[in-house]
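Participant: Take a look at this one; I'll ask things after.
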Amino acid sequence: MRTIIKTLLTLAVLVAIAWLGLWYYAQARLQSGVQSWVARMQSQGDIKISYDSMSPGTSPLAASVSLANVAVTIQPDPSSPPVILTLPSFALRIDAASPLVLHVGLPAQVNLNTPRADLAITTGSDTLAEQLDLHAILNHEPNPFKASDALASNINILASSGSLLLLHIDSLAAHGTVNRNAGANANALTVSETLKGIALSPLLTRLASIPFGGKVSELDFGLNLSGPVPDNWSGIMAQINALPPGDNNDRGKIAIQTIHGWAAQGGNGNSSLTLILGPTTLAANGTVKFDSNAQPSGTASLTADHLDAFSTAITNAYPQTQNTINALQARLSPDLSSTDAGGQTLNMQVTYGNGSVTVNGQTNKLAPINWNMLENPPPPAPGDGSGATAP
């Protein structure tokens with residue numbers, strides 16, 4: 001019996017030593033990951049990140065690191081004042097029970113200083129979790145994440161050092177996934193976001209006589225993009241980051257070339273949007289796919305109901321818009337209908353491709369995409385910047 005107990009104690013000690021070694025390694029990797037991220041952002045030239053201190057965690061049940069007084073300075077144009085984002089704290093944590101989930105701890109208030117205003121963003125509660133891609137970690141790829149989820153409630157955007165409410169959002173929910181190895185028939189990127197209870201402050205609503213109480217009841221957005229993801233994705237990102245600060249032309253060219261390559265290999269995607277504003281619900285969606293010549297085809301649709309009640313509320317609040325609304329209704333009259341359930345409803349169905357676009361049965365020509373022109377735009381004409389040739 002004594003031998004068995006001694007053996008078990010020895011095993012327990014060995015497990016504890018191994019666990020502490022693994023915890024120490026995870027702590028070191030987490031800290032080096034933060035330092036690498038800061039260095040990578042700094043290398044772009046238009047972003048600077050600073051913090052007062054970095055503190056490792058002490059719990060053996062989680063690897064964590066905390067930063068104090070983080071400042072992110074964004075200045076794409078050296079001749080213009082910067083935008084500065086300040087966070088009193090910022091934390092990263094990986095729990096032992098879920099070693100491939102990175103939890104991001106954000107403060108209850110984030111301050112944003114811009115050339116025009118100083119803003120504060122506060123939340124009642126928030127969670128942000130990133131799912132780690134083990135293959136990307138082992139290959140030391142930047143941003144080694146394959147999914148993320150964010151939740152926040154009671155979001156306020158305030159001006160005048162936090163004393164004046166500008167905008168309130170009841171809740172936000174977002175989900176995204178990335179598949180680095182996606183082919184043409186698999187999703188490479190998915191994004192979905194839902195915001196509820198978006199409202200301007202009562203003061204602004206009263207001052208500007210904004211109808212519907214200045215509120216958007218709900219906003220939903222979805223996006224799915226297929227592969228194929230370029231094999232040298234990390235190299236493309238490194239190439240972009242290596243460009244001199246302010247070299248937006250070359251950055252744009254690389255981005256267009258990457259999109260062109262994706263399109264030429266059968267890239268496709270779809271998106272959706274739902275907006276509930278006052279009595280009206282607007283729903284839109286679209287699809288796109290590219291042929292072997294990287295030319296697009298697809299569909300789109302848009303519906304909006306109760307436009308009669310919507311336009312009445314707008315004109316009651318702003319009588320000067322009556323002529324504009326009348327002209328818009330006249331232009332859209334072929335696409336408008338009226339029902340007891342939906343009131344005045346707009347319905348538009350679009351198909352495009354093969355050199356044409358059809359909107360509710362009416363067909364027109366569609367010019368092809370000139371990728372060479374997009375990748376190599378002509379230099380601006382001399383003169384006042386209008387594009388006209390100087391005399």
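Participant: Sum -39500 (n - 2.57) across every DSSP H segment of at least 4 residues in the chain, then divide by the residue count to get the 222 nm mean residue ellipticity, nearest 500.
Facilitator: Taken over the chain, the calculation gives -8500 deg cm²/dmol.
Participant: Right, here's the next one. Taking 0.36 nm per residue of sequence separation and subtracting the Cα-Cα distance, how much length would be gained by fully extending the chain between residue 42 and residue 29, in nm to one decimal?
Facilitator: Extra length from residue 42 to residue 29 when fully extended: 2.7 nm.
Participant: For residue 73 paired with residue 154, estimate the spin-label separation in nm (one decimal), with each label point 7 Å from Cα along the Cα-to-Cβ line.
Facilitator: 3.5 nm
Participant: Please state the equivalent ellipsoid semi-axes for region 235-275: what are the square roots of 5 times the Cα gyration tensor eigenvalues, largest first, in whole Å?
Facilitator: Rounded to whole Å, the semi-axes are 26, 15, 8.
Participant: Now for a separate question. Kindly state, to the nearest 0.05, the FRET efficiency for residue 338 paired with residue 101, given R0 = 41 Å and r defined as their beta-carbon distance.
Facilitator: E between residue 338 and residue 101, to the nearest 0.05, is 0.20.
Participant: What whole-number distance in Å separates the alpha-carbon centres of region 144-208 and region 54-90?
Facilitator: So the separation of the two Cα centres works out to 20 Å.
Participant: Determine the relative contact order of region 94-239: mean sequence separation of Cα pairs under 8 Å and six or more apart, normalised by residue count, in whole percent.
Facilitator: Here the relative contact order equals 17 percent.
Participant: Figure the gain on full extension for residue 163 and residue 206 (residue separation times 0.36 nm, minus the Cα-Cα span) and round it to one decimal in nm.
Facilitator: Contour length minus Cα-Cα distance gives 13.7 nm.
Participant: With an 8 Å cut-off on Cα pairs and a minimum separation of 6 or more residues, tell me the relative contact order of the chain in percent.
Facilitator: That works out to 8 percent.
Participant: Among the lysines, which fall within straight-line cross-link reach of residue 365, defined as a Cα-Cα distance under 22 Å, with same-chain neighbours fewer than 8 residues apart omitted?
Facilitator: By straight Cα distance, residue 365 reaches 289.
Participant: Below 25 Å, Cα to Cα, which lysines can residue 196 reach? Residues fewer than 8 away in the same chain don't count.
Facilitator: Correct list for residue 196: 215.
Participant: Cβ under 12 Å from residue 191's Cβ, residue 191 left aside: what net charge do those residues give with Lys, Arg +1 and Asp, Glu -1?
Facilitator: Net charge in that neighbourhood comes out at -3.
Participant: Still on this structure, I have one more. Classify region 102-148 as rounded, prolate or oblate, taking a ≥ b ≥ c as the square roots of the eigenvalues of its Cα gyration tensor: rounded when a/c is under 1.5, otherwise prolate if a/b is larger than b/c and oblate if not.
Facilitator: Cα axes put region 102-148 in the oblate bin.
Participant: Less than 12 Å Cβ to Cβ from residue 131, Lys/Arg counted +1 and Asp/Glu -1: what total charge do the surrounding residues give?
Facilitator: -2
Participant: Taking the Cα-to-Cβ direction at residue 376 and at residue 186 and moving 7 Å from each Cα, how far apart do the two end points lie in nm?
Facilitator: 3.6 nm
Participant: Still on this structure, I have one more. With only alpha-carbon atoms in the gyration tensor, what are the semi-axes of the equivalent ellipsoid for the chain, in Å, largest first?
Facilitator: Square roots of five times the eigenvalues give 45, 30, 25 Å.
Participant: Could you order peptides 350-357, 308-315 by the average number of other Cβ atoms within 10 Å of their residues, highest first?
Facilitator: Ranked from most to least packed, the peptides come out as 308-315, 350-357.
Participant: Please compute the net charge surrounding residue 274, taking Lys and Arg as +1 and Asp and Glu as -1 over other residues with Cβ under 10 Å from its Cβ.
Facilitator: Spelling it out: positives minus negatives among the neighbours equals -2.
Participant: Still on this structure: Assuming R0 = 45 Å, can you tell me the calculated FRET efficiency for the pair residue 83 and residue 328, based on Cβ-Cβ distance, to the nearest 0.05?
Facilitator: For R0 = 45 Å, the calculated efficiency reads 0.80.
Each value in this text was obtained by applying a stated rule to the coordinates, not by laboratory testing. Computed from a predicted structure; not experimentally measured. Note that each Cβ is placed from the backbone with ideal geometry, even for glycine, and that neighbours are counted across all protein chains shown.
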